[in-house]
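Below you'll find the structure I mean.
Here, each number is a calculation from the coordinates, and none is a lab measurement. Just so it is clear, the model here is predicted, and its values are computed rather than measured. No Cβ is skipped: glycine too gets one built from the backbone with ideal geometry, and neighbour counts run over all protein chains shown.
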Amino acid sequence: MLIKILVVDDCATERAIIKDTLGGYCVLTASGGTEAMRMLREHEGINLMILDLNIPDMDGFQVLEMLKGEKQFNSLRTIILSNYDESEKEIRGLKLGAVDYIRKPIHMDLLKARVDVHAALLQAQYALERKLDEKTFSFDLIFEQAPIGIAISQRCGPEDTDDIIIRTNAAYEKITGRTKEELLNTAWAGITHPDDLEEDLEQLRKLRSGEISIYSMDKRYIRPDGSEAWVHMVIAPLELPNDHQYKNICLIQDITERKEMERALNESERSKSVLLANLPGLAYRCNNDEEWTMQYVSQGCLKLTGYPPESLLHNRDLSYNDIISPEYRERLREEWKRILAARLPFKYEYEIITATGEKKWILEMGQGIYNDDGEVEALEGLVLDISDRKAIENTLKYNYEHDRWTGLYNRDYLVSLLEKEILLKKRSKMALIGINLDTVQLLASNYGFHYSQVLMKKAAEVLSRLCADNRMLFHARENRFAFYIYDYKDKNELLDFSNTLVKTLRSMFVTERIGGGIGILEIGHDDDDVELLMRRLLISSEKNVGLFEEGFEVCFYDEELEAIVDRERDIIEALNA
């Protein structure tokens, strides 16, 4: 018997995939309800129709209504395609005459198994009819060699549970784990899993009352060893001439392996859901486009960004690019371009702007998904909230680079800055002006250490007011400050600023009757030893401290001063020899 199948779906891709999956059958296709009815009338012998409920011009229910009203289609079996949230539609479809349903997205192996079951049922019914009309046709051969389990049962008492099995094939015996002798005259309810029995009996009641003409369900059989066999079962009435006892035919397909896979998949999905729910961020899959159009966003999106996931999906309300802080957008694009070309993993830290306007630091880790042609199909990855970590890092960085008491950049930061500036050689002129306030320490013996510290903090505040775009202030070491000045005009500018410092410090310390020294050091193009520069600055700033204890004097570090320093060092070495 040739099994002809009509596939009705408005998606050309789905039709092609289903047709390819059912390659062993004669498959016709239609894109809508009107075309489906035309195909049914033009092509005789279509036994089975796979019908999507959501099709244009005439939906699946209208098609089922029309089929119900035309006798020529009474033997046509229809499997409806529904979505996971359309259980009411499935019930309505079954009441209109559909014999089975499959939910989208379609698992093609499941579809093939379901079609095989219904095809076998058609073959069996056809064989029975042929055997009754043509004694030469071997019904027994088809029955025994069918690749699916087949059993015939009959009513043997007032209750549905009294039905007994009167005939089985080898496949049925193998699936249930029982011999023919064990199965014959056994009530099928006795080998059905208790949790599935109520639904099975309810469907059987509807079948016998004429409410439905056929039913199918997934159920479990209990094997003799206590193990369970999952099957997809189809039950239909079996009417034979001159036989007044109610009989039905049962076809089963072993789906134990698929159920195990589904269980493992569900467990995997559950674990993944738990993991994603507890991530301090979100997981995503997006297009490699200008807006990073999201195909999938996990629930963590709301906590991280303040936006629900659906608002970012397919750029419904805004794109992911919109929440990236503007200064990072181009840098991110360039980094993705670089790593995709080299097929490397992506890792980048940047800031996003949440729904409340708050800025958060995040770490994005991802990778490109490539098709068989090597083209980027999508991007997948994680976006993690690292704001707390970044705050700690920034605090540590601040403490490392700043003096805690004055809040100014410290000596370490000045040294690292000078090393970088000297290496880059992008400044036309660079100079250091050192301020030596060691005499403040003299006040500590009279007024206490805290008093001297308060004076230094006050000095830092006063000197900070003299900073400019090309002038930075540092707390070089205890009781000493340093200005780093670059891109200035000439020495006169340095002297003028130094004189301003003198006036500022004199007015501040006039009541304390203390003074200090101010040293100026110009950095030459060949000067690359920062520690040597810092030592020279120290020498120039402390040169006149002892001579003018109640005032502030300026001293340039030059060749003459260097010669004096060298001579003093030689004398000290000679005296110590």
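Answer with one residue from L463, I392, L282: the one whose Cα lies farthest towards the positive end of the charge dipole of the chain, charges on Cβ with Lys, Arg +1 and Asp, Glu -1.
After comparing all options, I get L282.
So, one more: Between D388 and Q295, what FRET efficiency follows from the Cβ-Cβ distance if R0 is 30 Å, with the result rounded to 0.05?
Calculated transfer efficiency: 0.55.
So, one more: If one takes the longest principal axis of the Cα atoms in the chain, at what angle in degrees, from 0 to 90 and to the nearest 10, does the Cα axis of helix 530-542 lie?
That works out to roughly 40 degrees.
For a 32 Å ceiling on Cα separation, which of these pairs sit above it: K68/K180; K272/K390; K420/K489; K174/K247; K337/K489?
In this structure, K68/K180; K337/K489 exceed 32 Å between Cα atoms.
Output the direction-averaged projected area (hull surface divided by four) of the convex hull of the alpha-carbon atoms of the range 4-106, in nm².
5.8
Now for a different question. Cα-based Rg (one decimal) and Dmax (whole number) for the range 139-261, in Å?
Rg then Dmax for the range 139-261, in Å: 13.8, 46.
Report the full-extension gain for the segment K95 to K272: residue separation times 0.36 nm, less the Cα-Cα distance, to one decimal in nm.
Length gained, K95 through K272: 59.9 nm.
Here's a follow-up. Full-extension gain between D20 and S428, please, as 0.36 nm times their residue separation minus the C-alpha to C-alpha distance.
Full extension of this stretch gives 139.5 nm more.
Just the number: Rg to Rh for the range 413-478, Cα atoms, Kirkwood Rh, two decimals.
1.09
Related question: Any idea how far apart T511 and A113 come out in nm if each label point goes 7 Å out from Cα toward Cβ?
The answer from the label model is 9.3 nm.
Once the Cβ-Cβ distance between E568 and T395 is put in as r, and R0 is 56 Å, what FRET efficiency do you end up with, to the nearest 0.05?
For E568 and T395, the calculated efficiency is 0.80.
Then there is this: Taking H placed 1.01 Å from N in the peptide plane, check which residues at least 5 places from T192 or on another chain put their amide H under 5 Å from its amide H.
Those lying under 5 Å, H to H, from T192 are I222.
Then there is this: Could you let me know the centre-to-centre spacing of the range 1-44 and the range 351-385, using Cα atoms, in angstrom?
Between the Cα centre of the range 1-44 and that of the range 351-385, the gap is 42 Å.
Beyond 27 Å, how much of the Cα-Cα pair distribution for the range 402-576 remains, as a whole percent?
Counting pairs separated by more than 27 Å, the tail of P(r) holds 26 percent.
Please compute P(r) over all alpha-carbon pairs of the range 343-459, binned at 10 Å starting from zero, and give each bin as a whole-number percent.
10, 20, 22, 21, 15, 7, 3, 1, 0
Show that you can apply the helix-only estimate: for the chain, add -39,500 (n - 2.57) for every DSSP H stretch of four or more residues, divide by all residues, and state [θ] at 222 nm to the nearest 500.
Rounded to the nearest 500, it is -13500 deg cm²/dmol.
Could you order peptides 302-310, 435-443 by the average number of other Cβ atoms within 10 Å of their residues, highest first?
So the order, starting with the most tightly packed, is 435-443, 302-310.
Cα centroids of the range 522-577 and the range 71-126: how far apart, whole angstrom?
Using only Cα atoms to place each centre, the spacing works out to 97 Å.
Further question: Using packing as a proxy for protection, rank 317-323, 258-264, 69-75 so that the peptide with the highest average count of other Cβ atoms within 10 Å comes first.
Descending mean neighbour count gives 317-323, 258-264, 69-75.
Right, next: Give me the number: length gained by fully extending K491 to N576, i.e. 0.36 nm times residue separation minus the C-alpha to C-alpha distance, one decimal in nm.
Gain on stretching K491 to N576: 26.7 nm.
Place the peptides 470-481, 14-25 in order of packing, highest mean first, counting for every residue the other Cβ atoms within 10 Å and averaging per peptide.
Per-residue Cβ counts within 10 Å, averaged per peptide and sorted highest first, yield 470-481, 14-25.
So which lysines pass the test for K543, namely a Cα distance under 23 Å, with those fewer than 8 places away in the same chain ruled out?
Result set, ordered by chain and number: K491, K503.
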